[in-house]
Structures are given as C-alpha cells and as structure tokens.
Amino acid sequence: MTEPVAAGSRGDPSTGERVAAIEAVDVSRTYQLDGVSVAALRGVSLTVQPGDYVALVGPSGSGKSTLMHLLGGLDRPTGGRLVIGGRDVNTLAPPEMATLRNETIGFVFQAFYLLPRTSAVENVALPLVYRGVSARQRRERAAAMLGRVGLGHRLDHRPNQMSGGEQQRVAIARALVTEPTVLLADEPTGNLDSVTGAAVLELLEQLNAESGVALVMVTHDQEVAARAHRRITMRDGVVVADSAHPHSVHDRPPSVDHGRPATLISAPSAEPRSASGSGPGHPSGGSGGAAGATGRLPREVERPGGAA
Amino acid sequence: MRVAEAWRVALDALRANRLRSALTMLGVIIGVASVVLLVAIGTGTKQKVEQQVEGLGSNLLLVVPGRIEVGNAPVVSPLTLKDVDAVTRVVGDPDRVAVTVASGATARAGARSDFTTVQGVLETTPAVFTRSLARGRYLTGTDVDTSRRVAVLGDSVARALFPDRDPLGQQVALAGVRFRVIGVFAPLGQSLGVDRDDEVHVPVTAAQRLWGTQRVDGIAVKAPDRERIDELGERIVAELNRRHPDTEFSAVTQQQILGVLGDILGVLTGVLAAIAGISLLVGGVGVSNIMLVSVRERTREIGLRKAVGARPRDIGVQFLLEAVLLTTIGGLTGMALGVGTALLVDALSPIPAAITWWSLALAFGVSAVVGIVFGVVPAQRAGRLDPVVALRTE
C-alpha cells in the first residue's frame, strides 16, 4: 500500500486545500448489549488535519474512547462516514483495517501496554514486524526512534526495568516508528506523576511540532487540554464544543435523549455525574461554554471500558 | 508477518510460561513415549518369536493329526512308530525324521523335584531341530532301540534338580521311574512366556513304556531342500491318510507358522499402539485447553498487536505455531523417552523391544497433527478477537 495522500500534503499547508488525515461525517456507533441498543456516539463530525494538536475532553461515558477507537481504525461506525488516510473504513475488511492502522495510526495508551519480557527496542519494532521489515532494519529504525525519545541508552532494557515515564516513552517510540499520520494518545499522562507526565507531554508536543504527525489526545487534565491547539469537548455521544469551529458545534441540551426511548445512554450522563459529588453543576453546552464546561469536569480517571 | 518471526514469537511465549508449557507437553510426551515403547515391545516380541521359529532348523516340516489353525483343539494322535517308519520310507532318509510323544511329569532327584515336560524322541532330534548340548551326549540309536532309561535335561530342569552338582551320571525319577542323566542341553531362553529349557528328552520307546501307550504325537521332517518341501508334505499326508482314513493330517512349514504367529502379534502390536494413541489424544486435548487459557490470558497482548497492525491471520498463525511447537517438542521428547525406555526394557528385562522407524515417524507425525487440530480453535478465536474488546481486558 502506498503512503496515505494526507502525508504528501503534510509539509505544504500553504496550498489551503489540505487532505484531511481523518474525516468523520455524522459518525455514530451503537452497541448491542443483551438485545438493547446503546448509542455511544450519536452523529459526530470532525476533521483531523496533518499536524493538528487536538485535545479530546469530556466526562466519563461521553464517548471519547469510542471516538478514539473509531479514529484509530480499531472499530467501525454503525452510521455515517469515516475516512482514515483517504480510505473509507466501511469499505475495508479486517486485514485491510489492520494494514491501515499499521501505516496511518500510532497508539499511545494510558497503561503503556508494552509486551513484558521484551526489550525496549523489540517493543518499538513490533509494528514493523507486521510490515514485513527485516530484523536488522527493524532494530535500526527502532533504535533510532528510541534515541529520539531520549532512550538511546536503554535499548535492551525490559519494561520492568524501566520507570513509568520511560515505559511511556518506549510506547511513544513504538507509535511513531512507522511514521504514522496520526498519533492517538489515550490519557498518555494518566498513569504518571506530574513531573514525569509533563516531560512526556513535552515530548509528544515536540514530536508533533517536528514531524508534523497529528496529535489527538484524550485527557481529563484541564492543564493538559489547555495546551492543545484545538479542543473538542464531548458529552453524551456528541461533540458539544470544538474550538476549531466555535460557531458550528451542536447546540443540543443533554436531555435530548429523553425524546428517544429506543436509545439508552447507559453510562453516567448529566444526572449521575452530579450524583458522584465531584462536579458542581451542568455545563451549559453552548459554543461559548466549551472552555467553561471542561473547566468543571470531574478529574476522575475514565475507565477504558467506559465507552458507552 | 514472516514465518521465521512467528516461530520466534511462539517460542518466546512458551519460554515465558516454562512450567505450564512443560506440563502441557507432558501429556504429549507420555502419549508419544507410550506409542513408541509399546510398538517397540510388540515388534521386538514378533522378531524374537520369528527368530526362534527359524532357529528350530531350516526346511522343517511338522506333521500332526488334525488341522493346524488358531483355536483348534488338539486331536488325540492315532500315529504309532509304524507310521513313522512309513513316513521315513516316503522321505527316504531316516536321519531326517524326528518324532515326539510328550507329557507333563514330575522329575525328582533326591529331595528336589520339578514339574516338567518329558519328550519321547528319536536320536535324530538334534539333526532335525537345531539343538545343541552343553554337557554330556545325546540319545543314540541303541538307546532308542533298547528303550534304555536315559535322559537329556533341559537347562532349567538341570538347574532345578541339581543346583550345586554335576547332573551327568545322576539318577532322575520321571513319573516315579528312574532314568540316568547322560546330557544337558544348552539354554534356549523363553518364547512367548514359555520356558523352552523346561523339558527332558528320553528315548521314545522308553517314554511309550512309561505311559503305557503306542502313541506318537507328531512327526518332524527336515526336507532336503526348500523348493520341494510342500510336495514332500503332500506325499507324507497322503501316505498317512491312506493308513488312517478316519483322521485328517496336516503338514506345516515354518513359513506357515511364522505367518500365523505374525498375524497374531501384528494385531497385538496394533492394539497396544491404539491404546497408547488414546493417551496421545488426551494430551492433545490438554494442549487445546492450555491454548484457550493462553489466548484468554494474553487478550490484551492480542489487542495491542492488532492495534499496531497485526492482521487476524498473523495472530492466528502465532497461536497455531505455539500449539504445534508444544506438541512437536513434546513429540520429540516423547520419542527420546520412548526409545530410551525401550532400550532399557530390552536390556534389563526378558521383554524384547525393537525400535522401528515407522513407529517414530508415526508418533511424531501424529503429535504434529494433534497440535494443528487442537490448536486451530484457540488460534481462530485469538485471530477473531475484537481489538477494542481485547484492549479493554484487564
């Protein structure tokens, strides 16, 4: 497969007509749980351009994780159109999806997800294995990438011999060794102390600035979110605010789902959130309320399983 | 993913769980080892029996009343020494004809006694059957003609009756009648669990007088050449049928005996191999079980591999190779164990064991196939895992 079209235009933003790295049009995702339909995403439209630096915020159960899985090609929408690297995912079979992920997307997870008993350099080289790169080339490229994240001296260390910050750097190197168009980071600093987290964040920003890889980051940390160039706020499966399009966000109140008895929102929505005692009230939802809404978000850690 | 890479990943996974891998392999090891060992014992027994039948002497023709078939009850023989003379005339050479009239009897020497088989024979026996003496001499024509009460002891009988002195010249009471020991046979060993050294040879005339009978149980003829052995048998049977119209006679060659014994032992070997095969199958189920556990345990690893671009096939191949590695490594170890045990059994016990290449090839092939068959389901399950679900798994 050839390099995605978006990569070609990455270094030439002056043409104006840039090809999007990811384009989602009215994307929805409904799960079937014990015969009941649960809508995790209900019509999300957004575009990620090469080089973007996007923070994706929202309370637990707002659909952030579901959206991340879709943007990363791990899952398919049940409605709408999703184009990753110029390819409509609804036209792709599972093996083609795998290849698309391998070539276009880099993932960084909150819990690192490094293979245990496997050296840093081999962890980083893992995506290249599925690309059919020779062992020697894999090691060279993985070592070079580890050098870029400041771990050139720890190539053969294993995850259990490294600190959390170092492990996350290895994970970042693994995500970038394939030179993807988009780097999807799900709470990348969530398992790290503040100093280490800040250093990891700086590294991500530096790589975003240097290589032009789009950085899309799910976070609960308002300080982290504030550093992004663009902030997308989600609630109840829809985007309620997008700083790139301040006038076109959905202006739907959270109670809109009461009019849809067939659809259940199972995860804590507006009501249960205040019941948790961590938030003072409801975000106002309008275009001007984006920053304010995230400012009042509870700083609880979203479980990976809380997609709906 | 390249195949070499997949092998390495599978090997790493097995190494990571050494104890579990070893225990899983144990099932396969035991299965393969028992297939190899039991087939070796079956084959070894068959070879030994064949050797012994061939060791009786070459171009042997055994003439007995009745039909020689498995399961046929022996017939009381109508043959007498007159019939033996008639057979000798057909053969044309008295040195090629041997007879036997056999019965169980207690042999006694002093305070010691031994229940054994007493065979009444002609002096021609060592020439017809291959039988050599350790000490003394064999029966002579004069011994037979004069019904002399002399005896040649089998090795076991000699040991039982005369454990600490030379039996030559000693007196032995057979069924209460005293015989003088003139010779001792060289040992022959066991055949199908029967001690072939547990016998005493006396002149056929003396034996007939001992039991008060004119009977001869069977006649053995050493044919001059292999080509005309069947024809000679037919002529002897025809002559005996003429003399005893009411009785059927059979003349069988060693080849026919070997064929019958070979069939019996072949079935025996097959049954043993099938029983061992069942344990191999159980080992395969164990592999399948552990692979399912392994898939569940490494769900998140599978999710991660998928996230970074592993296709369903890549994951499936990885787990399938793991299962095949388990069974083939187990198979090779089991082969080594089976061969080693077989060699030990052959060397240290009276049970013969012979390794055959086909049993090794079969055991190894089956273990590899077991790995594939029992690895497919877990591998498919791993390959089809939804990456989102897999990554969420704690």
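The values are calculated or read from the model by the stated rules, or taken from the named source; none is laboratory data. What you see is a predicted model, and the numbers here were worked out from it, not measured in a lab. Note that each Cβ is placed from the backbone with ideal geometry, even for glycine, and that neighbours are counted across all protein chains shown. Accessible surface areas use protein heavy atoms only, side chains included; no ligands, DNA or RNA. Shrake-Rupley method; radii C 1.70, N 1.55, O 1.52, S 1.80 Å.
List the DSSP H helices in chain B whose Cα atoms stretch 18 Å or more along the helix axis and whose mean Kyte-Doolittle hydropathy is at least 1.0.
Span-like helices here: B:254-297, B:312-348, B:357-384.
Hey, rough spin-label estimate for residue B:196 and residue A:229, points 7 angstrom out along Cα→Cβ, what's it come to in nanometres?
Going from the residue B:196 label point to the residue A:229 one covers 9.6 nm.
Work out from phi, with θ = phi - 60° and the Karplus expression 6.51 cos²θ - 1.76 cosθ + 1.60, the ³J(HN,Hα) of each residue of the stretch A:131-143, listed in order in whole Hz, and give x for Gly and Pro.
These are the phi-based 3J(HN,Hα) values: 9, x, 6, 5, 4, 5, 5, 4, 5, 4, 5, 5, 5 Hz.
Treat every Asp and Glu Cβ in the stretch B:76-246 as -1 and every Lys and Arg Cβ as +1, leave all other atoms uncharged, and give the resulting dipole magnitude about the Cα centre to the nearest 20 debye.
Computed about the Cα centre, the dipole is about 600 debye.
Please give every one of the lysines within straight-line cross-link reach of residue B:82, meaning a C-alpha to C-alpha distance under 23 Å, and leave out same-chain neighbours fewer than 8 residues apart.
Correct list for residue B:82: B:222.
Other chains' Cβ within 10 Å of A:90-97 residues: what's the mean?
Mean number of neighbouring Cβ atoms from other chains: 3.
Restricting things to alpha carbons, tell me how big the stretch B:1-102 is in terms of Rg and Dmax, in Å.
29.5, 87
At a 10 angstrom cut-off on C-beta neighbours, averaged per residue, how do the peptides B:142-148, A:240-246 rank from highest to lowest?
In descending order of packing, they fall as A:240-246, B:142-148.
Putting +1 on Lys and Arg Cβ atoms and -1 on Asp and Glu Cβ atoms, find which of B:326, B:340, A:164 reaches farthest to the positive end of the dipole of the protein assembly as shown.
Highest projection toward the positive end goes to A:164.
With only alpha-carbon pairs counted, each pair once and no self-pairs, how large is the Kirkwood hydrodynamic radius of the stretch B:76-246 in angstroms?
16.7
Using the basic label-point model (7 angstrom from Cα toward the beta carbon), what is the residue B:85 to residue A:140 distance in nanometres?
So the two model labels end up 10.4 nm from each other.
Relative contact order for the stretch B:298-394: what percent, with Cα pairs under 8 Å and sequence separation of 6 or more?
Relative contact order here is 57 percent.
Considering every pair of different Cα atoms, what Kirkwood radius, in Å, is found for the protein assembly as shown?
32.8
Rank-order B:238-247, B:384-393, B:194-203 by packing density, defined as the average count of other C-beta atoms within 10 Å over each peptide's residues, highest first.
B:194-203, B:384-393, B:238-247
Restricting to DSSP H runs of at least four residues, report the calculated mean residue ellipticity at 222 nm for chain B, -39500 (n - 2.57) per run over all residues, nearest 500 deg cm²/dmol.
-19500 deg cm²/dmol
Between beta-carbons, use under 11 Å as the cut-off and find the net charge around residue B:303, counting Lys and Arg +1, Asp and Glu -1.
Residues near residue B:303 contribute +3 overall.
What does the structure give for A:135-141 when I average, per residue, the other chain Cβ atoms found within 10 Å of the residue Cβ?
1
Return the value, in Å² to the nearest 100, of accessible area buried between chains B and A (probe 1.4 Å, both sides summed).
2300
Under a straight-distance cross-link criterion of Cα-Cα below 24 Å, which lysines are reachable from residue B:306, leaving out those fewer than 8 residues away in the same chain?
The qualifying lysines are A:64.
Determine the relative contact order of the stretch A:161-236: mean sequence separation of Cα pairs under 8 Å and six or more apart, normalised by residue count, in whole percent.
32
For q values of 0.14, 0.19, 0.21 Å⁻¹, compute log₁₀ I(q)/I(0) with the Debye formula on a Cα-only model of the stretch B:298-394, without solvent.
Here log10 of I(q) over I(0) equals -0.62, -0.85, -0.94.
Taking the Cα centre as origin and putting +1 on Lys and Arg beta-carbons and -1 on Asp and Glu beta-carbons, what dipole magnitude results for the protein assembly as shown, to the nearest 20 debye?
The dipole of the protein assembly as shown has a size of about 660 debye.
Averaged over peptide A:117-128, how many Cβ atoms belonging to another chain are found within 10 Å of each residue's Cβ?
Taking the mean over all residues of the peptide, I get 2.
Under 8 Å for C-alpha pairs, at least 6 residues apart: give me the relative contact order for the stretch B:76-246, rounded to a whole percent.
In percent, rounded to a whole number, it is 32.
Give me the mean projected area, in nm² to one decimal, of the convex hull enclosing the Cα positions of chain B.
That works out to 26.8 nm².
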